[in-house]
Each structure stands twice: as C-alpha cells, then as structure tokens.
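Novice: Below you'll find the structure I mean.
The values are calculated or read from the model by the stated rules, or taken from the named source; none is laboratory data. Since this is a predicted model, take the numbers as computed values, not measurements. We place every Cβ from the backbone using ideal geometry, glycine too, and count neighbours over all the protein chains shown. Accessible surface is based on the protein model in full, side chains and every heavy atom, while ligands, DNA and RNA are left aside. Shrake-Rupley method; radii C 1.70, N 1.55, O 1.52, S 1.80 Å.
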Amino acid sequence: MTSPVLRRAAETDLDAIVDLLADDPLGRTRERPGDPAYAAAFAAIDADPNQLLAVADLDGAVVGTLQLTFIPGLSHAGATRAQLEAVRVRPDRRGDGLGRELVQWAIEQARQRGAAIVQLTSNASRERAHRFYERLGFEHSHVGMKLDLRG
C-alpha cells in the first residue's frame, strides 16, 4: 500500500480535516462540518508558530490528521512540551499502521523543535485509543480535568 505524505495542513484540507474530526461517536456530538467557525480557527492555528496542524496526504486525499501545540514552560527546567491532539485516521486506513506513523512523525517534529515532553489527553471513553498510545510508549501519569466555558 502506498504511504501517504505527512505535511503541514493547507486551507484546502480544512473540510477533510473537519470530516475526520466528526467521524466518531464523540465527534458526531460536537463537530459541525460546514460551520464557518472552522475557517477562522484554521487561520489562527496556521498563523501561530507554536501550532502544527498536519495531515497525511495520499494522492491528494487527506487520510489522517493531528495537531501539535508547542508550549514553552518554566517547570522541568524551562522545558517545552508538545501537546498532541486530534489524531484521526480515515476509517478505511485504520489498522494499517497510519496512526502509528502519524504519532511517530509528530514525536520527531517535537524532537526537532526541542520539546522535552510529548503529552496528550484522551477522552476517558476512548479505551482503544488508550491502548494504542500505551503501545507507543505513552504512560498514564496525570489526571486530566476540563472546565467548559461555553455554557
């Protein structure tokens, strides 16, 4: 099977990225493909040097995506953290190693940018995702909490 090219996302990838975000039980409840808010969010991400929104491109089709945010900090002797989010793979490519390739690519991007830690959060209901990340060497180390400010 042909390997996709992993690259920074372009504005022309936006609809495909949103479709990937919406294509799971949690995404179906919170994403709104076609909403113009995604264009503004993409512009902000694309303009921020601490953001890397990436896609896996297979012959012009987006088959995977992830976002990596670089967070400078004082703890850990001034270490930069790379926050990995929104890792998604198109259903017909799941199970063929693309997710692993995406995450390993993101880890290498973090290394190249001098990050000391790659971290992520995953919804508690995503048990398969947790096992996937554990196989890649991630460890359960913290308890995550969120406060939704929209309501």
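Novice: What is the residue count in region 98-121 for residues that are over 22 Å from G73 (Cα atoms) and open to solvent by less than 40 Å² (accessible area, probe 1.4 Å)?
Specialist: Of the residues in region 98-121, 4 are over 22 Å from G73 (Cα atoms) and open to solvent by less than 40 Å² (accessible area, probe 1.4 Å).
Novice: Counting only residues that are of a type in the set (A, V, I, L, M, F, W, C) and assigned to a helix (DSSP H, G or I), how many does region 1-39 have?
Specialist: 10
Novice: Inspect region 20-40 for any residue being among the small types (G, A, S) and closer than 13 Å to V87 by Cα and give the result as yes or no.
Specialist: Yes; the residues of region 20-40 include at least one that is among the small types (G, A, S) and closer than 13 Å to V87 by Cα.
Novice: Under the condition of being open to solvent by less than 40 Å² (accessible area, probe 1.4 Å) and among the polar types (S, T, N, Q), which residue from region 63-87 is nearest to V118 (Cα to Cα)?
Specialist: Q83
Novice: Regarding G60, is this residue closer than 21 Å to L102 by Cα, more than 16 Å from the chain's Cα centre (by Cα) and exposed (fewer than 12 other Cβ atoms within 10 Å of the Cβ)?
Specialist: Against the criterion (closer than 21 Å to L102 by Cα, more than 16 Å from the chain's Cα centre (by Cα) and exposed (fewer than 12 other Cβ atoms within 10 Å of the Cβ)), G60 qualifies.
Novice: Of (1) open to solvent by less than 70 Å² (accessible area, probe 1.4 Å); (2) at pLDDT 95 or above; (3) more than 23 Å from E139 (Cα to Cα), G27 satisfies all except one. Which?
Specialist: So the condition that G27 fails would be (2).
Novice: Moving to a separate point now. Being within 29 Å of T2 (Cα to Cα), of a type in the set (F, W, Y), in a loop (DSSP other than H, G, I, E, B) and open to solvent by less than 60 Å² (accessible area, probe 1.4 Å) narrows it down to one residue among F132, F42, F138; which is it?
Specialist: F138
Novice: If you don't mind, another one. Among the listed residues L102, L147, which satisfies the condition of being aliphatic (A, V, I, L, M) and part of a helix (DSSP H, G or I)?
Specialist: Exactly one residue qualifies, and that residue is L102.
Novice: Of these, A16, A22, A9, which one is free of Cβ contacts under 8 Å to residues at least 12 places away in the same chain and surrounded by 15 or more Cβ atoms within 10 Å (Cβ to Cβ)?
Specialist: Answer to the check: A22.
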